[in-house]
Amino acid sequence: MTPQPPGRKSNKHYRSREYLTPSEVRSLLDAALNRPARYTHRDYTLMLMMFRHGLRVGEAVGLSCGLRWDAVMWGERQIFITREKGSDSGVHPLRDDELELLKKLREQYPDSKYIFVSERGEAMSTDAVRKLMGRLAVIAGLDIKVHCHMMRHACGYYLVNQGYSTREIQDFLGHRDIKHTEKYTKLNARRFLNFDWGDL
């Protein structure tokens, strides 16, 4: 068990679950897109990419593994995802809307090698994204204490409920140990829909 920082209680004290549902993700995306702010396009694109590609915050932003423009293969409609924490890096496809969002973002920050940058044109920090997530959760009216890693878990939760295999999800998220992926299978409530409770 991972030791907690001094004065911090376990995650179970703050929330009952460590993932977001699709409707909660949609609420966060709507909050990012519709709030009156200068960086709505960047923030929406960031939230969408974190969810769709199961990104840890440090895989989305920052100087180490943060997404860079040279990872985008425009002609192939793909992006190279550099994973942290010993996970396997890999190539993901980009959907039409992601390509359009990224092209617009590139036009806004033509001189940056990083995809997600601060107003000073530097790579966004992980702390800035954590604060952004907190603000968006309040705007979205979510009743759960949100943190960045919940977007990665939301991705796994969504994919398993769409019926994709554990092996496919393992490869997509870069898990070297399939045990890390199997936890999402346990979140699939559809497995129990055929339970017959009779008159009870």
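For the chain, the tally of Lys pairs with Cα-Cα distances below 17 Å comes to 7, considering only residues 8 or more apart or on different chains. Remark: the stretch 92-200 carries 63 Å² of accessible area per residue (probe radius 1.4 Å; ligands, DNA and RNA excluded). Phi angles across the stretch 93-99 convert, under the Karplus curve 6.51 cos²θ - 1.76 cosθ + 1.60 with θ = phi - 60°, into 3J(HN,Hα) values of x, 10, 7, 4, 5, 5, 4 Hz, Gly and Pro given as x. Karplus-based coupling profile of the stretch 118-123, in residue order and whole Hz: 7, 5, 8, x, 9, 4, with θ = phi - 60° in 6.51 cos²θ - 1.76 cosθ + 1.60 and x standing for Gly or Pro. This structure gives mean projected area of the Cα convex hull in nm², computed directly, and of [x] 14.0; [y] 9.6; [z] 10.5 that value is listed as [x]. In sequence order, the stretch 24-36 has phi-based couplings of 5, 4, 4, 5, 5, 5, 4, 5, 5, 7, 9, 6, x Hz under the Karplus curve 6.51 cos²θ - 1.76 cosθ + 1.60, θ = phi - 60°, and Gly or Pro positions carry x. Please report, as a whole percent, how much of the solvent-accessible surface of the chain comes from carbon and sulfur atoms (probe radius 1.4 Å). About 50 percent, which is the carbon plus sulfur part of the accessible surface. For the chain, adding -39500 (n - 2.57) for each run of n ≥ 4 DSSP H residues and dividing by the number of residues yields -13500 deg cm²/dmol at 222 nm.
In this structure, the amide hydrogen of residue 81, modeled 1.01 Å from its nitrogen in the peptide plane, lies closer than 5 angstrom to those of 90, 91, 92, counting only residues at least 5 positions away or on a different chain.
The values are calculated or read from the model by the stated rules, or taken from the named source; none is laboratory data. Owing to the predicted nature of the structure, the values given are computational and were not obtained by experimental measurement. Each accessible area value is taken on the protein alone, full model and side chains, heavy atoms only, with ligands, DNA and RNA left out. Shrake-Rupley method; radii C 1.70, N 1.55, O 1.52, S 1.80 Å.
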